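Reading through the structure tokens given below for one structure.
The values are calculated or read from the model by the stated rules, or taken from the named source; none is laboratory data. None of these values were measured; they are calculated from a predicted model. Every residue, glycine among them, receives a Cβ derived from its backbone with ideal geometry; neighbour counts consider all protein chains shown. Note: areas computed on protein heavy atoms with side chains; ligands, DNA, RNA excluded. Shrake-Rupley method; radii C 1.70, N 1.55, O 1.52, S 1.80 Å.
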Amino acid sequence: MKAGDSELKSELDAALHARSELGSEYEPALVESFLEKVEQRLDGTLDRRVRRHLAEQQVSLARGTHPPQPLGNFGERYGFGIISLILAVPLSAIGASTAHTGGLIITWLGIIAVNAVHAARPWLARRPGRGDCDWEN
């Protein structure tokens, strides 16, 4: 258990003890006081994390390197592919019914192209010499 956690535990114990002594009419004030302490603790932790992250970014910019981009969570990485495969069924039916085999081939080439561009996005973003904004120049 961390030192901050033991402090919060002792604060909670004190609030519960005060509630048992003072009665339920002071409960909202006790809960609000405890939640303010928890909020202050979270704010301090968040501030430290943000400052550390900004310092890491400044160091990486000063060195001329780019910080590694996270790959994203499962939904971001695979959700697009799963949705495109689900949509592939009706798109294939539409393409095949209107333009027969050629329509089916064009539909699947489009699906493959869209998924390839989505999969290559992290690689394209890390290319050397690429700015932070695509709208520059």
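Laid out as a table, the results:
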read-out	value
Hits in the stretch 94-113 - residues which are closer than 21 Å to Phe80 by Cβ and open to solvent by 40 Å² or more (accessible area, probe 1.4 Å)	Ile94, Ile106, Trp108, Leu109, Ile112, Ala113
Answer residue from the stretch 66-80, given it is surrounded by fewer than 10 Cβ atoms within 10 Å (Cβ to Cβ) and in a loop (DSSP other than H, G, I, E, B) and is modelled with the highest pLDDT among those	Asn73
